[in-house]
Amino acid sequence: MTVGIDNIQFLATSAHRVGVLETLRDGPTDRRELCEATGASSPTVGRVLADFEERRWLVRDGPTYGLTPLGEYVTDRFLALRDAMEIEEKLRDVWQWLPVEMPGFSVDLFADAVVSYPGPGYPYEPVERLGQLIASTSSLRGFDNIVYKSSNLETACGAVLEGMTFEYVFTPEALEGTFAWNPDRIMEVAACENATVLVHDHLPDGDRCGLGIVDDRAGICCHDTATGALVAVIDTDAPEARDWALSVFEQVRAEATPVDPTAFESRAPS
């Protein structure tokens, strides 16, 4: 174990060593190109190359250097570990809201995600990010069991009335709460041909998060388990993440019950 840690430390403590490995991963390269790619001096690159040759990680062929199969193995594993730790740091503050019941979820799907989380003295970033996503899409699909802030509800309602395709699955409680926010507005939206409202008694991970899919992004809406308040939004444009979100949504949608728009009329205050 000590040898493995020592080798990780050998690489991790030198940006130039990591830079040389990254450059060589793309193919054999000469010293001048390595200096340009890493920003290191020729003597520094020379020392790095000598260290790597001693470890049998690379071979020289005339003026160029290339990774050996052992060097490729080390490079792939080390850079994968570095990338994993970068993802971990990004998601560290929101890990407790990541889905555990949604089938097929993997942290890797959100490697390039935008994480909107309240910063010091400014708690509104998640609400604003959600509003931006709703306002910039032509379609919105998803599910959740919370009632969103009135600003986000108004943005969504306005977008539906302007033609945005809307397919959303609520829990009975979330549907009641959303309707209570503005009965007339909700009835107007529910009557639109481009709006489909469904209800589901038990959404996956319903106590921690919901799922949203817009034109080119997929997002996880994280909420406080005690209050139901939106606390973070994690969204990405990675195609594999959007494909995963669509597959989960389709499963939930298939289990949900469509809500007849006329049913809202009986709930409206007289």
Of 151, 67, 231, farthest towards positive along the dipole that unit charges on Lys, Arg, Asp, Glu beta carbons give the chain: 67
Between residue 226 and residue 72, what is 0.36 nm times their sequence separation minus the Cα-Cα distance? Round to one decimal in nm. 50.6 nm
To the nearest Å², the heavy-atom accessible area per residue of segment 119-270 with 1.4 Å probe amounts to 46
GNM on the chain, C-alpha springs below 10 Å: top fluctuator among 24, 140, 198? 24
For segment 90-239, what's the relative contact order in percent, using C-alpha pairs closer than 8 Å and at least 6 residues apart? 32
Pull up the DSSP beta bridges for the chain and report the antiparallel fraction as a percent, rounded to 5. 70
Please give the contour-minus-distance gain from residue 263 to residue 3: 0.36 nm per residue of separation, less the Cα-Cα distance, rounded to one decimal in nm. 86.8 nm
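So if I place +1 on the C-beta of Lys and Arg and -1 on the C-beta of Asp and Glu, and nothing else carries charge, what would the dipole magnitude of the chain be about its Cα centre? I want it in debye, nearest 20. Intermediate values should be presented prior to the final figure.
On the way: 21 positive and 45 negative charges, 184 e Å.
In total the dipole reaches around 880 debye.
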Can you give me the relative contact order of segment 1-110 as a percent, contacts being Cα pairs under 8 Å and 6 or more apart? 20
Can you tell me the equivalent ellipsoid semi-axes for segment 1-147? Use √(5λ) from the Cα gyration tensor, largest first, whole Å. 42, 17, 15
Report in % the part of the accessible area of the chain that belongs to carbon and sulfur, leaving out ligands and nucleic acids; probe 1.4 Å. 52
Report Rg (one decimal) and Dmax (nearest whole number) for segment 158-235, counting Cα atoms only, units Å. 13.2, 35
Please tell me the relative contact order of the chain in percent, rounded to the nearest whole number, where contacts are Cα pairs under 8 Å and at least six residues apart. 17
What distance in nm lies between label points placed 7 Å from Cα along the C-beta direction at residue 13 and residue 194? 6.0
When all C-alpha to C-alpha distances in segment 30-71 are sorted into bins of 10 Å, what percent of pairs does each bin hold, rounded to whole numbers? 31, 58, 11
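Rounded to a whole number, what is D in µm²/s for the chain from Stokes-Einstein with the Kirkwood radius over alpha-carbon pairs (20 °C, 1.002 mPa s)? Spell out each step's value before the answer.
Details: Rh = 21.7 Å.
My calculation gives 99 µm²/s for D.
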If you place +1 on the Cβ of every Lys and Arg and -1 on the Cβ of every Asp and Glu, how big does the dipole about the Cα centre of segment 150-239 come out, in debye to the nearest 20? 120
Using just the C-alpha positions of segment 112-163 as equal point scatterers, what log10 of I(q)/I(0) does the Debye formula give at each q in 0.26, 0.27, 0.28, 0.30 1/Å? -1.15, -1.19, -1.23, -1.29
Gain in span if fully extended, residue 95 to residue 251, counting 0.36 nm per residue against the direct Cα distance: 53.8 nm
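The values are calculated or read from the model by the stated rules, or taken from the named source; none is laboratory data. What you are looking at is a predicted structure, and each value in this text was computed from that prediction instead of being measured. We place every Cβ from the backbone using ideal geometry, glycine too, and count neighbours over all the protein chains shown. Please note that ligands, DNA and RNA were not included when accessible areas were found on the heavy atoms of the full protein model with its side chains. Shrake-Rupley method; radii C 1.70, N 1.55, O 1.52, S 1.80 Å.
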